[in-house]
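The values are calculated or read from the model by the stated rules, or taken from the named source; none is laboratory data. Note that the structure is a prediction, hence the values are computed from the model and not measured. Cβ placement follows ideal geometry from the backbone for every residue including glycine, while neighbour counts extend to all protein chains displayed.
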């Protein structure tokens with residue numbers, strides 16, 4: 001089994017073999033071009049993302065700078081928006097649903113290392129998938145760790161570190177991130193605290 005196959009299968013793998021290093025270098029070249037295009041060159045940026053990712057919706061907008069490891073493990077749904085400084089370590093599958101918003105400095109880490117220093121010093125890594133449902137807003141500075149599923153219609157508060165699955169229809173915040181309440185029909189009336197939506 002190759003190191004890439006081990007990576008995809010959730011087994012321990014070594015990331016600096018020729019195949020995986022070459023694929024990361026290829027992605028970095030594309031991302032370098034992406035991050036250095038002029039702001040008005042939106043369609044050129046989108047062409048690079050379509051080439052890099054395994055799947056995209058028709059409509060998406062990713063503000064540069066953006067970083068990822070491979071790109072081919074990332075799938076985004078319709079109407080995805082990511083603000084500045086998004087980092088996705090996509091050593092395993094990252095699946096993002098429709099109508100998902102990322103605030104600035106959101107990081108998704110599918111990769112990890114053994115806790116004990118001896119296997120870690122031997123260069124071993126592992127990777128497990130991240131799945132984000134539909135209609136999710138991920139606040140600024142959020143970190144999502146490996147092997148996490150976030151349900152539909154969720155808000156993750158700024159600065160949270162997501163270490164466990166988050167169910168649908170809730171607000172979750174903190175380090176570690178925890179559900180603080182369900183989202184209700186009453187929330188439809190307000191845009192910030194008790195300020196009402198009048199239009």
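Below is a table of values for the structure above.
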read-out: Tally of residues being surrounded by fewer than 21 Cβ atoms within 10 Å (Cβ to Cβ) and under 19 Å from residue 148 (Cα atoms) across segment 78-88; value: 1
read-out: Output for segment 1-53, where each listed residue is outside any helix (DSSP H, G or I), surrounded by 12 or more Cβ atoms within 10 Å (Cβ to Cβ) and in contact (Cβ under 8 Å) with a residue 40 or more places away in the chain; value: 10, 11, 12, 13, 14, 15
read-out: Within segment 73-88, tally of residues that are touching a residue at least 24 places away in the same chain (Cβ under 8 Å) and under 25 Å from residue 5 (Cα atoms); value: 2
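Residue-by-condition table, conditions (1) free of Cβ contacts under 8 Å to residues at least 12 places away in the same chain; (2) closer than 24 Å to residue 80 by Cβ; (3) surrounded by 14 or more Cβ atoms within 10 Å (Cβ to Cβ):
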residue	(1), (2), (3)
157	no, yes, yes
173	no, yes, yes
191	yes, yes, no
195	yes, no, no
198	yes, no, no
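Yes or no, residue by residue, for (1) assigned to a loop (DSSP other than H, G, I, E, B); (2) at positive phi; (3) at pLDDT 95 or above:
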| residue | (1), (2), (3) |
| --- | --- |
| 104 | yes, no, yes |
| 108 | no, no, yes |
| 114 | yes, no, yes |
| 126 | no, no, yes |
| 141 | yes, yes, yes |
| 158 | yes, no, yes |
| 168 | yes, no, yes |
| 175 | yes, no, yes |
| 199 | yes, no, no |
